[in-house]
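To keep things clear, I will list the structure first and then write my remarks on it.
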Amino acid sequence: MKVLVFDIWGDYGHFRKFYTTTSPLTFSFPPPSTIAGILGAIFGAGKDEYLKIFSPERFKKALKIVSPVKKVRMGINLINTKGNYWRPVKKKNHEPRTQIRTEFLKDPCFRIYVSHVDGKLFDRLEQNIKEHKSIYSVSLGLSELLADFRFKGIFDADQITDGQLAELFTPISTINLQKNEIEIEANKKYFKEKMPIRMNPDRVVEIYDDMIYEPDGKTIKAQVKTYYKLENGENITFF
């Protein structure tokens, strides 16, 4: 299997947790559907088609935390655009804008691993990333949070299903864990977040799962049902 690898980073990122409303919180790294959106922007797939082009049946994706996870909270002014409130002028009984306290990732950087069954699509994606070209603007969650990216390489990957303990460079889905076997190591932190793992083209989430990760980007030793060993020595688990 050929795996395309590239880094993506920005000043800020926000990947809203599905259970937050008035004070939006962010996931520590982008969910699979967001990764599909990033690839769609680079490839040139519109918002109504990227979930079909990068569907779970057609492509695999994994992610490595490169920069330690840091979170900050800031107030954002939201303007009321209903009822012809096109400018922030106060009217009787109506507030033209509301300040919402929002959580952001600070200086996020991730390494994305991608494989796709369509060879031509894979080659075009590789070419765009190599040439630092995207058809649409690439962002980290919100359109205002623009991102940069850099090509890292194309690597061969071998599938490993022996169920033995492995040092993994990517967050682990609990669905993939072999009898919940994780080796706890000193000087490492272990976090768990529930996030949408599979979303269909109608934007309906079909699968949620707990993702286990090390917030400083360190490896995790665990027994998993399936992982892939890249020729550069990295062991990854796809979402």
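The values are calculated or read from the model by the stated rules, or taken from the named source; none is laboratory data. Everything quoted here is computed from the prediction, not taken from an experiment. Here the Cβ positions follow ideal geometry from the backbone for every residue, glycine too, while neighbour counts run over all protein chains shown.
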Index of the failed condition, A147 passing every other in (1) of a type in the set (G, A, S); (2) under 30 Å from L78 (Cβ atoms); (3) not in a strand (DSSP E or B): (3)
Here are the criteria: (1) assigned to a loop (DSSP other than H, G, I, E, B); (2) under 22 Å from K60 (Cβ atoms). Tell me which single one G153 does not satisfy. (1)
Mind listing just one residue for me: the one in the stretch 28-82 that is touching a Pro at 6+ places or on another chain (Cβ under 9 Å) and of a type in the set (D, E, K, R) and, of those, nearest to L125 (Cα to Cα)? K61
Considering only the stretch 170-182, I want to know if a residue exists there that is acidic (D, E) and out of contact with any strand residue (DSSP E or B) (no Cβ under 9 Å at 6 or more places or on another chain). no
Give, as residue ranges, the strands (runs of 3 or more DSSP E) completely inside the stretch 165-239 that count at least 1 residues that are at pLDDT below 90, surrounded by 17 or more Cβ atoms within 10 Å (Cβ to Cβ) and of a type in the set (S, T, Y). none
Going through (1) of a type in the set (K, R); (2) without any contact (Cβ under 8 Å) to a residue 40 or more places away in the chain; (3) buried (at least 20 other Cβ atoms within 10 Å of the Cβ) one by one, K70 fails only at (3)
How many of the residues making up the stretch 47-75 are over 29 Å from S23 (Cα atoms) and either out of contact with any Lys or Arg (no Cβ under 6 Å at 6 or more places or on another chain) or small (G, A, S) (or both)? 10
Specify the residue that is nearest to the chain's Cα centre (by Cα); the eligible residues are those in the stretch 29-46 that are crowded, with 21+ Cβ neighbours inside 10 Å and assigned to a loop (DSSP other than H, G, I, E, B). P30
Out of everything in the stretch 1-28 that is part of a loop (DSSP other than H, G, I, E, B) and of a type in the set (A, V, I, L, M, F, W, C), what residue ends up being modelled with the lowest pLDDT? F18
Odd one out for E234, checked against (1) in contact with a Phe, Trp or Tyr (Cβ under 7 Å, 6 or more places away or on another chain); (2) over 30 Å from I53 (Cβ atoms): (2)
